[in-house]
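Working notes, beginning with the structure itself.
No lab work stands behind these numbers, since they all come straight from the coordinates. Note that the structure is a prediction, hence the values are computed from the model and not measured. In this analysis, Cβ positions are derived from the backbone assuming ideal geometry, glycine residues included, and neighbour counts consider all displayed protein chains.
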Amino acid sequence: MEFQQLAFERRSIRGFKQEPVPKALLDEIIEVAAQTPSSMNTQPWHVHVVTGDVLDRIRTGNTERMLETGKPDREIRGHVRYEGAHRDRQKRVAAQLFEAAGIGWEDKEQRQDWAMRGFRQFDAPVSVIGCIDRDLIDSTEAYFDLGQFVYAMVIAAWDRGVGAVINGQGIYQSSVVREEASIPEDQLIVITVAMGFPADDFPANDVVSERRSVEEIATYRGFDGL
Ligand SMILES: Cc1cc2nc3c(=O)[nH]c(=O)nc-3n(C[C@H](O)[C@H](O)[C@H](O)COP(=O)(O)O)c2cc1C
């Protein structure tokens, strides 16, 4: 597919077929992402691709520890709570997803169930854990580099019929992830991407989230008459 079409048609997938994703296909996807530019060509990214029992232990540990402690234990700094326009956009996409999934806004139990799905990485058959080299922990560029790598991976996956959701919740309990996936100490766990073939009968997979317009995003100077 053309990039234009991929960019406009891709959406996050949160319901997956219980079908394995061949390693050769994952290799292809990662190879595309490996072409991502990075600061001074440092390529500070690593991915740990997990499935089967390892992923199941991560799901269970992440969920149990979230229920026990009620708060994330990540290796990166995160926001406490979005405010203002960010909060509005967060609520809007949540409302779209809940509506598609048949979850009432006031239904605490169903909302909790949705959060649990996130902790379980939406029961995806594959989780791709994204890390950066720990010695770059203070380099904002390294996180930027990994972010670009992750987007390239998601787009390459979509192009091959593989759905994905970038899933912060899946690594909220990063110590569990570190232990179960045997992440080396010199790498920092930043994010995970849940991947698999999209389920056909999962309406939240069809949600098209909204975007700000170019006029709202971009400020031009010196373009008079251009
Ligand atoms: C860094 C990052 C973390 C995310 N974490 C989660 C998450 O924990 N749970 C979730 O359901 N979606 C998560 N998402 C997906 C976003 O909600 C989604 O990309 C956004 O709403 C836009 O929707 P779209 O991907 O369908 O275009 C995350 C996305 C990014 C980039």
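Here are the numbers:
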item: Every residue from region 183-224 that is without any contact (Cβ under 8 Å) to a residue 40 or more places away in the chain and either buried (at least 18 other Cβ atoms within 10 Å of the Cβ) or hydroxyl-bearing (Ser, Thr, Tyr) (or both); result: Ser213, Thr219, Tyr220
item: Residue count for region 42-91, restricted to those that are surrounded by 14 or more Cβ atoms within 10 Å (Cβ to Cβ), more than 29 Å from Arg211 (Cα to Cα) and among the charged types (D, E, K, R); result: 6
item: Test: residue in region 97-113 that is touching a residue at least 12 places away in the same chain (Cβ under 8 Å), within 12 Å of the ligand (Cβ to nearest atom) and not hydrophobic (A, V, I, L, M, F, W, C); result: no
item: Given (1) outside any helix (DSSP H, G or I); (2) under 28 Å from Asp145 (Cβ atoms); (3) out of contact with any strand residue (DSSP E or B) (no Cβ under 9 Å at 6 or more places or on another chain), index of the condition Thr36 fails; result: (3)
item: Candidate set from region 1-22 (those that are outside any loop (DSSP other than H, G, I, E, B) and touching a residue at least 12 places away in the same chain (Cβ under 8 Å)); member that is farthest from the ligand (Cβ to nearest atom); result: Phe3
item: Region 63-96, residues that are touching a residue at least 24 places away in the same chain (Cβ under 8 Å), polar (S, T, N, Q) and within 11 Å of the ligand (Cβ to nearest atom); result: Gln96
item: Answer residue from region 1-39, given it is of a type in the set (Ser, Thr, Tyr) and surrounded by 16 or more Cβ atoms within 10 Å (Cβ to Cβ) and is nearest to Ser209 (Cα to Cα) among those; result: Ser12
